[in-house]
Every structure is written in structure tokens, then in C-alpha cells.
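Computed from the coordinates by the stated procedures, all read-outs in this text should not be read as laboratory data. Fair warning: this is a prediction, and the values are worked out from it, not measured in the lab. Here the Cβ positions follow ideal geometry from the backbone for every residue, glycine too, while neighbour counts run over all protein chains shown.
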Ligand SMILES: [Zn+2]
């Protein structure tokens with residue numbers, strides 16, 4: 001193909017639900033054509049490479065495996081939970097409160113906690129800050145809710 005240009009379209013999704021929805025539509029469209037090259041070009045390779053597109057491609061694969069009966073619903077859900085955590089992390093890193101978000105997420109890692117409430121030192125002002133991570137599967141926009149705020153400088157974040 002002579003006129004083909006490097007992909008420049010960027011994938012715009014405001015939250016993980018939107019990403020999942022787009023991935024599902026792509027996987028369903030792919031099933032009808034046997035996930036051929038043309039489909040991949042139209043639905044995945046059309047986007048310029050980014051961390052979000054990488055997650056999008058993974059999400060399409062999860063749906064693809066599910067639609068083909070290779071994985072069960074529970075396995076798909078757990079894979080999506082991992083993808084959502086990565087997505088949240090990417091979104092926060094891309095945002096302004098980069099270091100604050102990293103510190104909040106690391107605090108959970110250090111305590112070996114998946115959910116609950118932890119304290120950490122604010123990287124901006126070195127005061128105490130608090131982070132809360134909740135399992136919220138019924139929330140329409142995210143299955144994991146993360147909030148953090150600093151008692152000192154008032155920096156806040158949420159997903
Ligand atoms: Zn602070």
C-alpha cells in the first residue's frame with residue numbers, strides 16, 4: 001500500500017470503562033472476520049503507540065480469548081482488574097501529581113496491602129499523607145477506587 005502513513009491517531013479514553021468498551025467492540029468485530037490482519041490494522045495498529053494503547057491491545061486480547069472460550073469470565077475479570085490498576089497508574093503518572101501518586105501506590109506495596117488505608121510521606125512537603133484504596137466492583141467507572149490527600153500541602157488525587 002503506497003499511501004499508507006504511520007499511524008497518528010491517538011486512542012482517547014477518559015476512563016477504564018471506556019477503554020473496556022472500545023476493546024469489546026474491537027474484539028466482537030474481530031471475531032466476525034477471524035481476527036485477520038485487516039481487522040488488526042483497522043482496530044489496533046491505527047493508533048500511535050502509547051502505554052494506553054498497549055493496555056487497549058491487552059484488553060482486546062482478553063475479550064478475544066473470552067469470546068473464543070479460551071478463558072472463563074472469572075479469569076477475564078481478574079485480568080481486567082490488573083489492567084485497570086496499570087491504567088490508573090498510567091493516568092496518574094501522566095497527570096500532574098506524578099510523584100504523589102507513585103508514593104501513594106508504593107505505600108500499599110510496602111505494607112503488602114491491596115485495599116484499605118495507608119499513611120505515607122508526601123514527596124512535596126514531607127508531611128503525612130493518607131491514601132485509601134477500595135474494591136468497588138459496582139462503581140460504573142472503576143472497580144478500584146483510589147484516593148489520597150496530604151495533611152500538609154493539601155495535594156489530592158483520585159482515580
Ligand atoms: Zn504535602
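Note on residue 141 and residue 45: the model spin-label points, each 7 Å out from Cα along the C-beta direction, lie 3.5 nm apart.
Which of rounded, prolate, oblate describes segment 96-158, given a ≥ b ≥ c as roots of the alpha-carbon gyration tensor eigenvalues and a/c under 1.5 marking rounded, otherwise prolate only if a/b is larger than b/c? Judged from the Cα gyration tensor, segment 96-158 comes out prolate (a/c at least 1.5, a/b above b/c).
Along each principal axis, taking the top coordinate minus the bottom one, the Cα set of the chain gives 57, 38, 24 Å in descending order. With the highest mean first, a sort of the peptides 102-113, 56-67 on other beta-carbon atoms found within 10 angstrom per residue produces 56-67, 102-113.
Roughly how tilted is helix 16-32, in degrees to the nearest 10 and between 0 and 90, from the longest Cα axis of the chain? It is inclined by approximately 20 degrees. With an a/c value of 1.5 or above and a/b not larger than b/c for the gyration tensor axes a ≥ b ≥ c computed over the alpha-carbon atoms, segment 16-90 is described as oblate. Report, to the nearest 10°, how far helix 73-94 tilts away from the longest principal axis of the Cα atoms in the chain, using its own Cα long axis and a range of 0 to 90°. It is inclined by approximately 60 degrees.
At a Förster distance of 35 Å, what's the computed FRET efficiency of residue 25 paired with residue 128, Cβ-Cβ distance as r, to 0.05? For R0 = 35 Å, the calculated efficiency reads 0.20. Calculated [222 nm] ellipticity per residue, helices only, for the chain: -16000 deg cm²/dmol; basis is -39500 (n - 2.57) per DSSP H run with n ≥ 4, divided by all residues, nearest 500.
For helix 98-111, what angle does its Cα long axis make with the longest principal axis of the chain, in degrees from 0 to 90 and rounded to 10? Result, in degrees: 80.
Potential lengthening of the chain between residue 33 and residue 12 amounts to 5.1 nm, from the contour at 0.36 nm per residue minus the alpha-carbon distance. Given contacts defined as C-alpha pairs under 8 Å and at least six residues apart, what's the relative contact order of segment 62-159, whole-number percent? Relative contact order of segment 62-159: 19 percent.
In a fully extended conformation the segment linking residue 156 and residue 78 would gain 25.3 nm over its present Cα-Cα distance, using 0.36 nm per residue.
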